[in-house]
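Values quoted throughout were computed directly from the atomic coordinates according to the rules given, and no laboratory measurement underlies them. This one's a predicted model, so the numbers in the text were calculated from it and none came from an experiment. Counting neighbours? That spans all protein chains shown, and the Cβs are built from the backbone with ideal geometry, glycine included.
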Amino acid sequence: MRTMAKRVLHDKYFKLAKAEGYVARSAYKLLEIDERYRVLNRGKWVLDVGCAPGSWLQVAAERVGPRGRVVGIDLQRVDHRMPDNVVMFEGDAEQVPPEVLLELVGGEVGGDLFHSVLSDMAPKTTGHVDDLVSARLCRSVLKLLPDLLRPGGHLVMKILEGQEYPLVLRETQRMFDHAKGFKPNASRDVSREMFIVGKRFKGPRPAKTADSNAVSPESKEPNAETTP
Ligand SMILES: C[S@@+](CC[C@H](N)C(=O)[O-])C[C@H]1O[C@@H](n2cnc3c(N)ncnc32)[C@H](O)[C@@H]1O
């Protein structure tokens, strides 16, 4: 029993993380997702929701480079020293009123919108309701996107597989040009976690007006691929 626990804890990614200076093995999940889907680009702005202990912050900071910016939020403090282009806030992403969150994180990018939003948020509890809590956390992220993510931007969001997973995936698909579930090799085999990757956010829905042909201001937003 003890040997098995040790083997699981000290697996290949755990050792790699130690050797390469990442604060957690989950760094390799994001690296793998980014290799495949290109969600982190140089000079861009990234929001990481549920960022502690900080390995995704480290990966995102490397990928966006010194001219990019990474903003993290978590219930817990990030104790590990982070690169200079990272700033972190303590707070509950579900409870902080959206306008306060917007002011907090948006202020870090000059009131502008992010190019990518990441969420590795996970419920603290363990048990059969975890997947429902996970879906709720995902929906809280989806709700923030119109105010935080620029049209053309990307999303990576962890979800525990369960009855709500296909529904949350469909909700995400409606908001992005493409969205699909992906399980990186670095995810433990026994884990029910999946990552929903959304490419090219469609942006906020235009408000319904009498003149349905009116062009919404959002549709004039620059594309994430072309602006810093
Ligand atoms: C799996 S860890 C994230 C690991 C991180 N991506 C990394 O690589 O270091 C999940 C995090 O989600 C955070 N979390 C859960 N619910 C949250 C909420 N409502 N608001 C902010 N953070 C939350 C937890 O505090 C925890 O630190």
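Some notes on this structure:
- Each Lys or Arg adds one and each Asp or Glu subtracts one; over the other residues with Cβ under 10 Å from the Cβ of LYS158, this totals -1.
- Shape of region 119-176, Cα gyration tensor, a/c cut at 1.5: prolate
- When +1 charges are put on Lys and Arg Cβ atoms and -1 charges on Asp and Glu Cβ atoms, the dipole computed for region 2-203 relative to its Cα centre reaches about 820 debye.
- In summary, the lysines within cross-link reach of LYS202, defined as a Cα separation below 19 angstrom excluding same-chain residues under 8 places away, comprise LYS44, LYS143, LYS180, LYS220.
- Relative contact order for region 2-203: 18 percent, from Cα pairs under 8 Å spaced at least 6 residues apart, divided by residue count.
- Region 2-203 - Rg over Rh from alpha carbon coordinates, Kirkwood radius: 0.94
- For region 53-128, the pair-distance distribution built from all alpha carbon pairs, in bins 5 Å wide starting at 0, is 3, 13, 26, 25, 19, 8, 3, 2, 0 percent.
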